[in-house]
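A.B. asks: Below: one structure in structure tokens.
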Amino acid sequence: MTLQHYLGTLTIDGDSKDFTIDTDPSTGPFALALTVGDYFIHGYTGEVAEQICEHLQAQIRTVGAFATATVAFDNSTALVTIDFKATCSVVWTDTDLRDLLGFTGNLSGASAYTATNATRGVWSPTLVMSEYPGDLTRLWGQRSTSRIGVSSDGTVYSAEGTILYDGVYGYHLLPEADVITTSATVWESLEQFWEDCIHTGKPIRVYPDKTVNTASDYVTALMSSPDGKVGGFHDGIVARWRENYNGFWSVNFMLRKYVT
């Protein structure tokens with residue numbers, strides 16, 4: 001079964017950039033910081049620009065004792081693992097960074113740590129996409145802004161426009177945890193993704209097959225309600241499969257190819 005996931009733009013700011021690492025026995029501590037800016041949670045294989053996991057890894061590696069440390073995002077679980085390759089503790093100076101990465105507290109006593117919660121800015125539905133314009137290998141539908149018409153004397157005319165790449169996409173019978181934020185969810189619901197990433201109007205990366213990760217395995221898009229507006233979440237993108245029953249949900253949205 002080919003599952004998708006969606007990576008939203010995350011902003012590292014002055015409240016989500018700082019952390020401290022320390023060896024055991026202590027030779028530090030070492031205060032480190034991410035560079036403020038917009039990122040995705042991780043990059044594709046061979047990507048030159050550092051995304052959050054790669055940037056975090058690069059900062060940790062500036063400390064000689066952790067020159068081979070790795071920071072990885074697991075596509076199947078949406079969890080981040082930091083492997084220092086040696087015993088290390090972490091103090092999240094900025095707890096917003098801790099929360100974004102899915103950790104729930106400071107880290108100590110081990111060399112590798114896997115987050116408890118899914119990262120922010122990622123939506124990974126547990127069922128396959130059921131509605132899309134073409135097929136999952138090309139994803140986009142096409143439409144034209146060209147205009148044709150006829151004047152009052154019967155003369156036909158046309159004006160060439162632009163080909164747009166977009167479409168309406170959907171899922172059916174998704175479980176509540178995939179869609180709605182409840183006390184049992186942390187960051188993984190579509191509702192949370194809508195608040196964090198769709199509402200901002202910033203681009204997302206859509207992986208038709210979340211198990212593959214090269215430059216050609218995703219598209220960059222803007223997501224909206226099917227009418228092309230951000231609009232409402234509950235009255236624009238999602239609907240209960242059955243009235244007054246929250247167990248299953250339908251999701252429909254528009255994706256537009258992001259062109260700068």
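A.B. asks: Test Asp18 against the stated conditions and say whether it is open to solvent by less than 60 Å² (accessible area, probe 1.4 Å) and more than 17 Å from the chain's Cα centre (by Cα).
C.D. replies: So Asp18 fits the description; yes.
A.B. asks: Continuing with this model, one more query. Identify the single condition in (1) buried (at least 21 other Cβ atoms within 10 Å of the Cβ); (2) in a loop (DSSP other than H, G, I, E, B); (3) in contact with a helix residue (DSSP H, G or I) (Cβ under 8 Å, 6 or more places away or on another chain); (4) not charged (D, E, K, R) that Leu127 does not satisfy, given that it satisfies every other one.
C.D. replies: (1)
A.B. asks: Something else about it: Which members of the range 183-196 meet the condition of being open to solvent by less than 50 Å² (accessible area, probe 1.4 Å) and either more than 16 Å from the chain's Cα centre (by Cα) or of a type in the set (D, E, K, R) (or both)?
C.D. replies: Within the range 183-196, Thr185, Glu191, Asp196 qualify.
A.B. asks: Report yes if some residue within the range 44-66 is open to solvent by less than 20 Å² (accessible area, probe 1.4 Å) and in contact with an Asp or Glu (Cβ under 8 Å, 6 or more places away or on another chain); otherwise report no.
C.D. replies: No - not one qualifying residue is present in the range 44-66.
A.B. asks: Out of the residues in the range 197-220 that are of a type in the set (A, V, I, L, M) and closer than 16 Å to Met129 by Cα, which is surrounded by the fewest Cβ atoms within 10 Å (Cβ to Cβ)?
C.D. replies: Val219
A.B. asks: Hey, can you tell me all the residues within the range 30-53 that are free of Cβ contacts under 8 Å to residues at least 24 places away in the same chain and closer than 22 Å to Gln4 by Cα?
C.D. replies: Across the range 30-53, the qualifying residues are Gly43, Gln51.
The values are calculated or read from the model by the stated rules, or taken from the named source; none is laboratory data. As the structure is a prediction and not an experimental result, all values here were calculated from the model. A quick note on method: Cβ atoms are made from the backbone with ideal geometry, for glycine too, and the neighbour counts reach across all protein chains shown. Each accessible area value is taken on the protein alone, full model and side chains, heavy atoms only, with ligands, DNA and RNA left out. Shrake-Rupley method; radii C 1.70, N 1.55, O 1.52, S 1.80 Å.
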